[in-house]
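The values are calculated or read from the model by the stated rules, or taken from the named source; none is laboratory data. Just so we're clear, the structure is a prediction, and the values are computed from it rather than from any experiment. Here Cβ is always computed from backbone atoms with ideal geometry, including for glycine, and neighbour counts include all displayed protein chains.
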Amino acid sequence: MTSILDFLSYRWINILVALLIMAGCGTSDPDSVAIHAPEPEPDPQTSSMPSIMELPSSYQEIGELANRGTFYAEAEHAMFRIDDGGDYHGYDGPLVWAKKNPKGLRTQGIVYGTEDNLITSAGYLIRQEDLTNSKSFHGLTLRELDFPAARSMTVDFIEDTEQFLFLWHFTTSASMDKPLLPHGELPPLSDLHDLSEDFVVFACDHVPDTRFCPGMGRHYTDPSSVGRNPDAQGNEGVIYGEAAEKLIFIEYVFGQEELSNGVSWPTMPLDDLPIPPIDNVHILHFGTTEAPGRYTVHMYFIPEETYLHWETEPETL
């Protein structure tokens, strides 16, 4: 009996102590200091990524693509980007496109890569047969949602469907500490010279006085590595475009023969210098239909309606 009474007494003492502690928590002591757990810092990889909930209701999950994660696309549209014709090539492309007077977003064929319910990449599926047949594409928008600047791009061949996934990545484990610019803020040309003294003006030899390509802009590259080899490292082969002392696009060039043979290109950096978000992309064939040529992938920071009608360099931007 004594042990039972001792147990009950011990239990009631514990209950009384707990009640006193709870009552003390409700009092206001000016000398007491509340201790809170520190607020977790936002993850720089994902803090600026849109959620899949922001996609229009017409988008549905379509599964994995090229081992790049789970993707969403519009269910009612073709699962590849429809080409813009193959009856023109090279510098004639922008002149043809300008006559069509493109306006607004052209999202047909876009796909979005996701991770943990966030959209971390955006891109387009391009049929291999269209690239082999020298078709071109323009107005591939990357502004349907408010994305940050892309950190890198990849080009993956999907053998089962004979399509290429041109994909722009908004996160990367290698360079998230590198600064980027907000939408609409164009970097000065001096940033390019600070990056490397090896960049020089090239292209548009048919405009020798200014080397300013109508409907495009002036091109700068390191002449030791024009074109992107599939096994290239770093930013080898990168090209920048300029108008009115502002950088307006970044570009890589791919061999048509490699594309016809189903070659893929791994990560190509886009953030060696601070750039703003990409507004639109064009994939333009250079060469003839008789022999393999090359494809230029211009990634513009400004809308098509701004640059396609340029006959000469604008005074300001």
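Only one entry in THR288, THR306 is over 16 Å from LEU165 (Cα atoms), more than 23 Å from the chain's Cα centre (by Cα), surrounded by fewer than 17 Cβ atoms within 10 Å (Cβ to Cβ) and of a type in the set (Ser, Thr, Tyr), namely THR288.
Residues that are part of a helix (DSSP H, G or I) and in contact with an Asp or Glu (Cβ under 9 Å, 6 or more places away or on another chain): does segment 98-115 have at least one? The answer is yes; a qualifying residue exists. Residues in segment 300-317 that are in contact with a strand residue (DSSP E or B) (Cβ under 7 Å, 6 or more places away or on another chain) and in a loop (DSSP other than H, G, I, E, B): PHE301, ILE302, PRO303, THR312, GLU313, PRO314, LEU317.
Here GLU305 passes the criteria (1) modelled with pLDDT under 95; (2) at positive phi except the one numbered (2). Output yes when any residue across segment 130-141 is part of a strand (DSSP E or B), modelled with pLDDT under 95, touching a Pro at 6+ places or on another chain (Cβ under 9 Å) and surrounded by 18 or more Cβ atoms within 10 Å (Cβ to Cβ), and no when none is. The answer is no; no qualifying residue exists. The residue pairs whose first member lies in segment 150-179 and is aliphatic (A, V, I, L, M), whose second member is at pLDDT below 95, and whose beta carbons are closer than 7 Å, counting only pairs six or more residues apart or on different chains, are MET176/PRO44; MET176/GLN45. Within segment 282-305, residues that are more than 21 Å from MET268 (Cα to Cα) and without any contact (Cβ under 8 Å) to a residue 40 or more places away in the chain have Cβ atoms under 8 Å from residues that are surrounded by fewer than 17 Cβ atoms within 10 Å (Cβ to Cβ) and of a type in the set (S, T, N, Q) in these pairs: PRO292/SER260, counting only partners at least 6 apart in sequence or on another chain.
Only residues that are of a type in the set (Gly, Ala, Ser) and surrounded by fewer than 14 Cβ atoms within 10 Å (Cβ to Cβ) were counted across segment 87-113, and they come to 1. Only residues that are in contact (Cβ under 8 Å) with a residue 12 or more places away in the chain, out of contact with any strand residue (DSSP E or B) (no Cβ under 8 Å at 6 or more places or on another chain) and under 30 Å from HIS206 (Cα atoms) were counted in segment 60-93, giving 2. Scanning segment 47-69 for residues that are surrounded by 15 or more Cβ atoms within 10 Å (Cβ to Cβ) and among the polar types (S, T, N, Q) gives a single hit, SER48. Scanning for something over 23 Å from the mean Cα position of the chain (by Cα), buried (at least 19 other Cβ atoms within 10 Å of the Cβ) and more than 15 Å from GLY90 (Cβ to Cβ), does segment 217-230 turn up at least one residue? Looking through segment 217-230, none of the residues is over 23 Å from the mean Cα position of the chain (by Cα), buried (at least 19 other Cβ atoms within 10 Å of the Cβ) and more than 15 Å from GLY90 (Cβ to Cβ). Being touching a helix residue (DSSP H, G or I) at 6+ places or on another chain (Cβ under 8 Å) and closer than 30 Å to THR132 by Cα is the requirement here; does PRO230 meet it? Against the criterion (touching a helix residue (DSSP H, G or I) at 6+ places or on another chain (Cβ under 8 Å) and closer than 30 Å to THR132 by Cα), PRO230 qualifies. Scanning segment 248-263 for residues that are surrounded by fewer than 16 Cβ atoms within 10 Å (Cβ to Cβ), polar (S, T, N, Q) and in contact (Cβ under 8 Å) with a residue 12 or more places away in the chain yields a count of 1. Scanning segment 255-302 for residues that are modelled with pLDDT of 95 or more and among the hydroxyl-bearing types (Ser, Thr, Tyr) turns up SER260, SER264, THR267, TYR295, THR296, TYR300.
The single condition from (1) under 19 Å from LEU186 (Cα atoms); (2) crowded, with 17+ Cβ neighbours inside 10 Å that GLU315 fails is (2).
One residue alone among VAL253, VAL281, VAL297 is outside any loop (DSSP other than H, G, I, E, B) and either basic (Lys, Arg) or touching a Gly at 6+ places or on another chain (Cβ under 7 Å) (or both), and that residue is VAL253.
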